[in-house]
Amino acid sequence: MFVAMMLVAMMLIALPLAAQQPATPPRGGTITGVVRDSLARPVAGADVVAIPGESHARTDSTGRFVLTGLDNGAYTVRARKLGYAPAEWSVDLSKSGRLDIGLVLSQRMAALDTVRVRADGTCSPHSLDGFFCRRKLSKGLFLDYTDIDDKRTTYTADLFRDIDGFRVDVRPTSRGPIRVPVALEGWRCLNTLVDGWPVTGANQIPELSWDVVAMEVYKLPADVPREYEKYAWTSPFARQAARCSLVVYWTQFAKLSP
């Protein structure tokens, strides 16, 4: 009994001592800062990332963020939020150093997630408000910039790594090997739109996932909404041809409303 009482007493004495021990400081360098809009108001819920690397943060209600565990070297700190033009700041961080910066996002539209259904029952096919409209009305997988950033990928194709019905292959090209998503359903074809338009030399698929602000994925051709049905065919001129899966990438250059 005496031994047990002694052990309890020692534990009670040790607890305050343990509580006094300082928290282990984060390793490496740290970049802190605040994100504001063009009227100097704090922007909450903005995604901030240090490139290169995977250090990532989201601003709090006061617009502040903290990026930790950074090695010495040069970084580009980028901030973005839907409805704002992205901003970036170049820094040179010394080992275990600390910098405090400010980023300003220019507001492009006050309210972006308003659902506007057209008279024919479809959503806008060529502006970003159509993404929010279809997310509420259509089938498919919808990722906004927060979902995309949470995947912590570098290349756009790698966004498909954990999406059911797809895989990512590496294919040789004249520019070197590239990653490409591959559909595994039906005819195993995947058609792509960028900002609501077919891919061309002037309207290319973003190579880096950072440049994608939203994405719509329709694994089953039957789920493709009416405004995009013509893009789900293997050939737009052969109505009896096979139908494909469809992905729509939205970039910072997309129109916000019609």
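Table for the structure above
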{"quantity": "Lysines whose Cα lies under 24 Å from that of LYS151, excluding same-chain neighbours fewer than 8 positions away", "calculated": "LYS81, LYS136, LYS139, LYS219"}
{"quantity": "Full-stretch length increase - LYS230, PHE253 - with 0.36 nm per residue and alpha-carbon distance subtracted", "calculated": "6.0 nm"}
{"quantity": "Candidate aspartates and glutamates - alpha carbon under 19 Å from LYS230, same-chain residues fewer than 8 apart omitted", "calculated": "ASP120, GLU185, ASP195, GLU216"}
{"quantity": "Most positive-pole-ward Cα, SER245, LEU159, VAL213, against dipole of segment 129-251 from beta carbon charges", "calculated": "SER245"}
{"quantity": "In segment 140-226, the GluC sites (Glu not before Pro) that fall in loop regions by DSSP, at most 16 other Cβ within 10 Å", "calculated": "GLU185, GLU207"}
{"quantity": "Rough spin-label spacing in nm, given labels placed 7 Å along Cα→Cβ, for ASP211 and ASN72", "calculated": "3.3 nm"}
{"quantity": "Convex hull volume per residue in cubic angstrom - Cα atoms of segment 29-107", "calculated": "70 Å³"}
{"quantity": "Span per principal axis, largest first, for the Cα atoms of segment 129-251 (Å)", "calculated": "36, 35, 29"}
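All of the numbers you see were taken from the coordinates with simple rules; none came from a lab. Computed from a prediction, not measured in an experiment: that's the story for all the values here. Cβ sites come from the backbone with ideal geometry, for glycine too, and all protein chains shown count toward neighbours.
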